[in-house]
1. For every other residue with a beta carbon closer than 9 angstrom to the beta carbon of Tyr27, add +1 if it is Lys or Arg and -1 if Asp or Glu, then tell me the sum.
2. Using label points projected 7 Å from each Cα along Cα→Cβ, tell me how many nm separate Val74 and Asn58, to one decimal.
3. Report the label-to-label distance for Asn44 and Thr8 in nanometres (one decimal), using points 7 Å from each Cα along the Cα→Cβ vector.
4. Would you please put 50-58, 32-40 in order of how densely packed they are, using the mean number of other Cβ atoms within 10 angstrom per residue and starting with the highest?
5. Given contacts defined as C-alpha pairs under 8 Å and at least six residues apart, what's the relative contact order of segment 7-92, whole-number percent?
Amino acid sequence: MTTLSNVTNIFTGLFHSHVIDSEGIAYSFGSNNYGQLGIGSVTNSNIPIKLNIGNITNIATGGYHSILLSNGNVFVTGLGGVSSTFNISQFLLN
């Protein structure tokens, strides 16, 4: 069993979840058929996997996608209309 410490927020999608710890580190787990975990593959995970983005302040989840906010940047992963993104796509907020 994997234990996460200092979890400050929990976000749930249809069959996937994310948590943020007190240092702004995000972990993902659950179904990943469309890359919604943002781990660079479509492999499902029943244990939390640390994402390669720091300073996460908020996450929004949908059925098959996730949107993460870090330092004014928006990162989107998962089912995105016509195609799937298995890696996190970044957008800058102005």
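1. 0
2. Taking the simple label geometry, Val74 and Asn58 are separated by 1.1 nm.
3. It is 3.2 nm.
4. Details: 50-58: 15.3, 32-40: 22.6.
Highest mean packing first, the order is 32-40, 50-58.
5. Numbers: 224 pairs, mean separation 21.7, N = 86.
Taking the mean separation of contacting Cα pairs over the length of segment 7-92, I get 25 percent.
Values in this text are rule-based calculations from the coordinates and carry no lab data. This one's a predicted model, so the numbers in the text were calculated from it and none came from an experiment. Ideal geometry is used to build each Cβ from the backbone, glycine not excepted, and the neighbour counts take in all protein chains shown.
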